[in-house]
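In what follows, a single structure is set out as structure tokens and then discussed.
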Amino acid sequence: MNQQINLYLPEFNVKKDPLTVQLMLQIFGCVVAIMFLVSLYDTFSRWQLNGELADLGETLIEETRKTDELDEVLALRSQNTELTDRLEQAELRLVSSRQILDFFSETALGNIDGFSEYFKDLSRASIDGLSITEFSFSNGGRTVRIAGEVVDSAMVPRYVDNIERGRSPLRNQRFSPSITRADIQIQYLNFVLSNTSE
């Protein structure tokens, strides 16, 4: 009996080693190239950091020099007793002013700004043919009464409009006018503006 053996079957093929010399050389070359690139990057980074370190060293030297100069100036100023005394007096005045300001802010004193803006607004609102004969501010400026004479009764609302265009707290007041004539033969009318009901 004749039996044939097929030598081309995979079982009879010689197994090849996956790690050949050529593959190992290629892997080794890649590893060397990667190590060279990492080393090159590291060298470049060190060179760059050394440059930055040198710049920072120069900046530190310059800032140290400036600090020394300021220390010298401060030492000279601290030796000047007149300047030190003036500084202490200014600090005491500041503390005193703050205490007064705190007192006024906690105390209800009414109008602590004064009435100069009221007078300016009354003056700015003036109209030819209208004169003020009396004015009074009470309750810290919250109660206002203005009396005067006018040629025409239509001038009183215009005068109130002019007051409302002012800068003082008078512009926020709501006045109730009262216009009267004392005698028919007198050319002027008497008016009273008040923000309270009388």
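The values are calculated or read from the model by the stated rules, or taken from the named source; none is laboratory data. As the structure is a computational prediction, the values presented were derived from the model and not from experiment. Every residue, glycine as well, gets a Cβ built from its backbone with ideal geometry; the counts of neighbours run over all protein chains shown.
Listed here are the residues, each with its yes/no results for (1) within 20 Å of N195 (Cα to Cα); (2) under 30 Å from the mean Cα position of the chain (by Cα).
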residue	(1), (2)
K66	no, no
A90	no, yes
Q99	no, yes
G114	yes, yes
R142	yes, no
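A residue that is surrounded by fewer than 14 Cβ atoms within 10 Å (Cβ to Cβ), farther than 30 Å from I100 by Cα, touching a strand residue (DSSP E or B) at 6+ places or on another chain (Cβ under 6 Å) and among the small types (G, A, S) can be found somewhere in segment 134-154. Note on segment 150-198: among residues that are part of a loop (DSSP other than H, G, I, E, B) and of a type in the set (S, T, N, Q), the one that is modelled with the lowest pLDDT is S197. Being aliphatic (A, V, I, L, M), surrounded by 11 or more Cβ atoms within 10 Å (Cβ to Cβ) and touching a Lys or Arg at 6+ places or on another chain (Cβ under 9 Å) is a description that applies to I127.
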